[in-house]
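Taken together, the values in this text are just the output of simple stated rules run on the coordinates, not laboratory data. Just so it is clear, the structure is predicted and the values come from calculations on it, not from any experiment. Ideal geometry is used to build each Cβ from the backbone, glycine not excepted, and the neighbour counts take in all protein chains shown.
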Amino acid sequence: MRGLYCIFAILALTIVFISANTSKADLITNGLVAYWSLDADSIAGTDVKDIIGGNNGVLVGNPVAVAGKVKGALEFDGASSVDITGTDSLNFNGKSEMTVSAWVKAASAEPVKGVVAGCCGSVVA
């Protein structure tokens, strides 16, 4: 009987651990200048909302809404994009450090070009 209680306790702890680690992703905002989630709730028509800094963008072409790792995502065909007008908060000229991040699911092992156009070159998938 004691073995059964141990198995039940381990199973219960496993369920609690899995539940605690599969919640929604937390957004770290300290130092963040802009964030485009590309989720359905941040897109209205062709307008793409920057949920941090007000640097909203516009969809160009026909990206397709797809399921993402966290909420939704957009699938780009190489001709589609999100155009973002430059603002003072996005002017990084003269800055000694900055980080640009993008979640990309590439269709092949070839480098992904133009993920952040005019910024950071190619991203190796």
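Rounded to the nearest 0.05, what FRET efficiency do D41 and S96 have when you use their Cβ-Cβ distance and R0 = 41 Å? Mind showing how you got there, number by number?
Details: r = 35 Å, r/R0 = 0.86.
Using R0 = 41 Å, I get an efficiency of 0.70.
Given H placed on each backbone N at 1.01 Å, which residues far from S37 in sequence or on other chains put an amide H within less than 5 Å of it?
The list, which skips near neighbours in sequence, is I51.
Once phi is turned into ³J(HN,Hα) by the Karplus curve 6.51 cos²θ - 1.76 cosθ + 1.60 with θ = phi - 60°, what whole-Hz value does each residue of region 82-93 show in order, with x for glycine and proline?
10, 8, 10, 5, x, 10, 4, 5, 9, 8, 9, 4
Name the long-range amide H neighbours of S80: under 5 Å, sequence gap of 5 or more, or other chain; modelled H, no Pro or chain starts.
N62
Can you give me the long-range amide H partners of N56? Hydrogens built in the peptide plane at 1.01 Å from N, cutoff under 5 Å, separation of 5 or more residues or another chain.
D50
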